[in-house]
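Data block below; observations after.
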Amino acid sequence: MIKRNRLFGNQTRVTFCLPRDVPPGAVSVVGSFNDWEPGRHELVARRDGTRAVTVKLGPGRHRFRYLATGGVWLDDESADQVDADGSLLLL
């Protein structure tokens, strides 16, 4: 699930959220906004049974995917578009 909040100026706070245990192990959101670097934006467990990470993004097209332990790649069906290249946000 993706939550968006407009900030002052042209920035948007985007929260990437998944269930705490699905998929098992560590999960990072990697994408065009962090040079596809695993571990840079790792999802953290929350009290409500989910895990999440929040990033500030400027306007434009942002490609991303989730990368889980063991090299498992996941897309987010709540993205603006999901295609052969992964998930896409349009901000």
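Where nothing but the Cβ of Lys and Arg (+1) and of Asp and Glu (-1) is charged, how large is the charge dipole of the chain around its Cα centre, in debye to the nearest 20? Can you show the working numbers first?
Working: 13 positive and 11 negative charges, 103 e Å.
Charge dipole, the chain, about its Cα centre: 500 debye, nearest 20.
By how many nm would the segment from SER32 to ASN10 grow when fully extended, if each residue of separation counts as 0.36 nm and the alpha-carbon distance is taken off? Before the final figure, lay out each step's value.
Numbers: separation 22, 0.36 × 22 = 7.92 nm, distance 1.78 nm.
Contour length minus Cα-Cα distance gives 6.1 nm.
Which whole-Hz couplings ³J(HN,Hα) result when phi for each residue of region 62-74 is put into the Karplus expression 6.51 cos²θ - 1.76 cosθ + 1.60, θ = phi - 60°, listed in order with x for Gly and Pro?
Whole-Hz 3J(HN,Hα) from phi for region 62-74: 10, 8, 7, 8, 9, 10, 9, 3, x, x, 7, 9, 9.
Can you work out ³J(HN,Hα) from phi for every residue in region 23-30, in order, using Karplus 6.51 cos²θ - 1.76 cosθ + 1.60 and θ = phi - 60°, giving whole Hz and x for Gly and Pro?
With coefficients 6.51, -1.76 and 1.60, one gets x, x, x, 6, 9, 10, 9, 10 Hz.
Kindly put PHE33, PHE64 in sequence by how many other C-beta atoms sit within 10 Å of each C-beta, fewest to most. Don't skip to the answer; put the middle values down first.
Working: PHE33 19, PHE64 25.
So the residues, fewest neighbours to most, are PHE33, PHE64.
Could you work out the pair-distance distribution P(r) of region 1-52 from its alpha-carbon pairs, with 10 angstrom bin width and percents rounded to whole numbers?
24, 49, 25, 3
Suppose we take every Cα in region 39-91 and form the convex hull; what volume per residue is that in Å³?
106
Relative to 2.2 N^0.38 Å, what does the C-alpha radius of gyration of the chain come to as a ratio? Two decimals please. Please report the intermediate quantities before stating the final value.
Values: Rg = 12.5 Å, N = 91, 2.2 N^0.38 = 12.2 Å.
Cα Rg divided by the expected 2.2 N^0.38 Å: 1.02.
Read the figures in this text as sums done on the coordinates, not as results from a lab. Just so it is clear, the model here is predicted, and its values are computed rather than measured. A quick note on method: Cβ atoms are made from the backbone with ideal geometry, for glycine too, and the neighbour counts reach across all protein chains shown.
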